[in-house]
Amino acid sequence: MTTPDPDRASAAQVFYSRWAPGYDRLATHAPGVRRLRTALVGSLDPAPGDTVVDVGCGTGATLPYLRERVGSEGAVVGVDFAPGAVSRARDRIERAGWDNVIVCLSDATRLPLRDADAVTASFLMGMLPDPAATVEGWLDDLDPDRIALLDLARSHRLPGRSLNPLFRLVVRASAPPGTADHHGESPTRVLDRRVAAAHRTVLDRCSAATHGTRAGGFAYLSAGRR
Ligand SMILES: C[S@@+](CC[C@H](N)C(=O)[O-])C[C@H]1O[C@@H](n2cnc3c(N)ncnc32)[C@H](O)[C@@H]1O
């Protein structure tokens, strides 16, 4: 397993804290994002009464979708390591008046939670130094029955593929510290590699695993049962 670099982690924490208000608008209202979150939660398929963990929950844009599925008798636990994002997610929970949704300030690679029924993460894998090991750890330690991941990476499909140069520019411009590694690899290559490793782990480790792309092949969605 790659050892987390504390400087990179704290730079990403500062980045997501600083940009939390703008990120929140994008994460909630960007064209097509609602459809992607609906598909993510649909493939996770939580049942009423389940406890679901949303790792790297950011400002909590997926929390309403999860809360709707688990109902008032279930629980949703968001986890994020950026204090600004966590506080924004907590505002969202307070505004909605949910008493069974909480958000914890914690690192995705060291989750303090057990007994979850399902775990999900959206747009997180590209930020983890060793996403395959992290996903393995969740499946082993957290003991969730189900997992679903949603990430963006370069498209391999036409016509989306023709927009890869634009995607590369957007990734370069918006990459938080820690997305690029020490060896001069471009942020987009790092993103592609990490997303592929995480999703492959779901397909290798889970039964009834599903994988597909959306949004012109830029959005990768994988899910399965342990
Ligand atoms: C691109 S945002 C996605 C937020 C949210 N999941 C969404 O769909 O809008 C990535 C989030 O992951 C968090 N994050 C990155 N690395 C993390 C880690 N090692 N532990 C916990 N959170 C992490 C960041 O703070 C940020 O809020």
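The values are calculated or read from the model by the stated rules, or taken from the named source; none is laboratory data. Remember, it's a predicted structure, so these values are computed and weren't measured experimentally. Cβ coordinates were reconstructed from backbone atoms using ideal geometry, including for glycine residues, and neighbour counts include every protein chain displayed. Each accessible area value is taken on the protein alone, full model and side chains, heavy atoms only, with ligands, DNA and RNA left out. Shrake-Rupley method; radii C 1.70, N 1.55, O 1.52, S 1.80 Å.
Assorted remarks:
- Taken about its Cα centre, region 76-144 carries a charge dipole of roughly 400 debye when the Cβ of each Lys and Arg holds +1 and the Cβ of each Asp and Glu holds -1.
- Between the C-alpha center of region 145-221 and that of region 89-129 there is a gap of 21 Å.
- Segment H156-R193, length gained on full extension (0.36 nm per residue, minus Cα span): 12.0 nm
- For Y23, solvent-accessible area (1.4 Å; no DNA, RNA or ligand), Å²: 70 Å²
- Lys, Arg +1 and Asp, Glu -1 on Cβ, resulting dipole of region 6-225 about Cα centre, debye, nearest 20: 1140 debye
- Per the Debye formula on identical point scatterers at the alpha carbon atoms of the chain, with no solvent, log10 I(q)/I(0) at q = 0.08, 0.10, 0.16, 0.17 Å⁻¹ is -0.25, -0.40, -1.13, -1.30.
- The chain, relative contact order [Cα under 8 Å, separation at least 6], %: 20 percent
- Kirkwood-type radius of region 1-90, with distances r between different C-alpha atoms, in Å: 14.0 Å
- Positive end of the dipole of region 1-160 (Cβ unit charges, origin at the Cα centre): among Y65, W19, P159, the Cα lying farthest that way belongs to P159.
- Trypsin sites (Lys or Arg not before Pro) lying in DSSP loop within region 87-190, provided at most 13 other Cβ fall within 10 Å: R110, R114, R157
- Multiplying the residue separation of D45 and V14 by 0.36 nm and removing their Cα-Cα distance gives an extension gain of 7.9 nm.
- Each DSSP beta bridge with both residues in the chain is either parallel or antiparallel, and the antiparallel ones are about 40%.
- Cα shape, region 93-135, gyration tensor, a/c 1.5 rule: prolate
- Here the sum of -39500 (n - 2.57) over DSSP H runs of 4 or more residues, divided by the residues of the chain, equals -13000 deg cm²/dmol at 222 nm, to the nearest 500.
- Whole-Hz ³J(HN,Hα) from phi, Karplus 6.51 cos²θ - 1.76 cosθ + 1.60, for region 36-46, glycine and proline x: 5, 5, 4, 5, 4, 5, x, 7, 6, 6, x
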